[in-house]
Amino acid sequence: MSGNVKRIGVLTSGGDAPGMNAAIRAAVRAGISHGCEMIGIEGGYCGLMDGVMREMSLRSVSDIISKGGTILRTARSKEFSTEAGLLRAKNMVDIFRLDAILVIGGDGSFRGARDLARLGVKVMGVPATIDNDIGCTDYTIGYDTALNTVKDAIDKIKDTAYSHERCSIIEVMGRDAGYIAINSAIADGAEVAILPEKEFDLNNDVIIPIINCRNRGKKDYIIVVAEGATDSMWLAEQIKEKLDIKPTVSILGYIQRGGSPTVRDRVTASLMSVKAIDMLCNGECNKVMAQKGDKIVAIDIEEALQMKKCIDSEVIDAMQILSL
Ligand code: F6P
């Protein structure tokens, strides 16, 4: 063991994502293999502020790799983002003698980790969110599982849409990010995808494409809407009013956050956590794991939080071509 890291806290924070358990398991096993004590912090930063922690053994993470959710539970804490909350958390780090904390979550969780780092706490981040919207990494844990859940749901909705010659609006998660929407639209051959990243015009983006599809002989239409892009119920009313077609609206909701993680999510989570713990035990800290191409790399947390990414316009163009 080196780098003076002997006791490592692990927490999951923000919206849960399939694969978080795989990340916890890998962190615990990698830490113990380096001779560290591994401490599970319950309920994200809330549990850190309240000192809700327990030691984790090799066996405490058995049989969790295939489970969705997070055995450590998670939360979004407003209090932690205040100075008083942050100091309470720092105090618990000292009381529980944690040498470092591994934070598994999205960019809000990483901002919290960065704030702890600025107070002198050693941190590492592993990116996990179904939205795939963390700027520093090509891929976030949970995204592939969520996409497959959406694909399964749209496949089923398409069967009935075809049989009844219907227009189906399917709302998927993504308040600020359209990755789930655009890729599920491609995977399921949707006619229209409405994304938070792209300004949306009712006539040009929905009404005219449906008329064109109808004139080309299509009788059923799939419209995928990212939750942050527009109000699906309002959109259904507009389509009814302008085209005399009454769309069905399916809001997929939290089903997208659960379920057994795919191979991609299990493997990515495992490799990212192992690397993060190895680095901590070798004296490095304050970094976020990121996937770049097929490599897992580590990026300084301050730098990582400045990085932005956006959906490639070629992907949006391809989706439109494929909907012909
Ligand atoms: O960040 C993941 C996410 O699932 C978003 O797509 C969604 O907008 C949000 O979480 C919903 O989170 P909450 O659990 O706060 O309702």
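The values are calculated or read from the model by the stated rules, or taken from the named source; none is laboratory data. Source: prediction; values computed, not measured. Here Cβ is always computed from backbone atoms with ideal geometry, including for glycine, and neighbour counts include all displayed protein chains. In case anyone asks, the SASA skips ligands and DNA or RNA and just uses the protein heavy atoms, side chains included. Shrake-Rupley method; radii C 1.70, N 1.55, O 1.52, S 1.80 Å.
It is to be established whether one or more residues within the range 14-32 are more than 21 Å from MET272 (Cβ to Cβ) and either assigned by TED's automatic domain parsing to the domain that holds GLY106 or away from the ligand (no atom under 16 Å from the Cβ) (or both). Lay out the reasoning, then the answer.
Initial filter on the range 14-32 (more than 21 Å from MET272 (Cβ to Cβ)): none.
No: the range 14-32 contains no residue that is more than 21 Å from MET272 (Cβ to Cβ) and either assigned by TED's automatic domain parsing to the domain that holds GLY106 or away from the ligand (no atom under 16 Å from the Cβ) (or both).
Going by the conditions given, is ASP188 acidic (Asp, Glu) and either free of Cβ contacts under 8 Å to residues at least 60 places away in the same chain or assigned by TED's automatic domain parsing to the domain that holds ASP133 (or both)?
Details: acidic (Asp, Glu): yes; either free of Cβ contacts under 8 Å to residues at least 60 places away in the same chain or assigned by TED's automatic domain parsing to the domain that holds ASP133 (or both): yes.
It is true that ASP188 is acidic (Asp, Glu) and either free of Cβ contacts under 8 Å to residues at least 60 places away in the same chain or assigned by TED's automatic domain parsing to the domain that holds ASP133 (or both).
Report every pair of residues separated by at least 6 positions or lying on different chains whose Cβ atoms are under 9 Å apart, first residue within the range 26-48 and more than 28 Å from GLY85 (Cα to Cα) and open to solvent by less than 10 Å² (accessible area, probe 1.4 Å), second aromatic (Phe, Trp, Tyr) and modelled with pLDDT of 95 or more. Filtered contacts from the range 26-48: no entries. For the range 64-121, the set of residues classified as open to solvent by 50 Å² or more (accessible area, probe 1.4 Å), within 25 Å of CYS136 (Cα to Cα) and assigned to a helix (DSSP H, G or I) consists of SER81, ASP107, ARG111, ARG118, listed by residue number. For the range 228-245, state whether one or more residues are touching a residue at least 60 places away in the same chain (Cβ under 8 Å) and under 30 Å from VAL121 (Cβ atoms). Scanning the range 228-245, I find no residue that is touching a residue at least 60 places away in the same chain (Cβ under 8 Å) and under 30 Å from VAL121 (Cβ atoms), so the answer is no. Of the numbered criteria (1) within 16 Å of the ligand (Cβ to nearest atom); (2) not assigned by TED's automatic domain parsing to the domain that holds GLY105, the one THR248 fails is (1). Of the residues in the range 151-171, none is assigned to a loop (DSSP other than H, G, I, E, B) and modelled with pLDDT of 95 or more.
Provide a single number: the residues in the range 6-25 that are surrounded by fewer than 24 Cβ atoms within 10 Å (Cβ to Cβ) and of a type in the set (Val, Ile, Thr). Residues that pass the stated criteria total 0. Number of residues in the range 172-222 that are assigned to a helix (DSSP H, G or I) and either among the hydrophobic types (A, V, I, L, M, F, W, C) or within 16 Å of the ligand (Cβ to nearest atom) (or both) equals 16.
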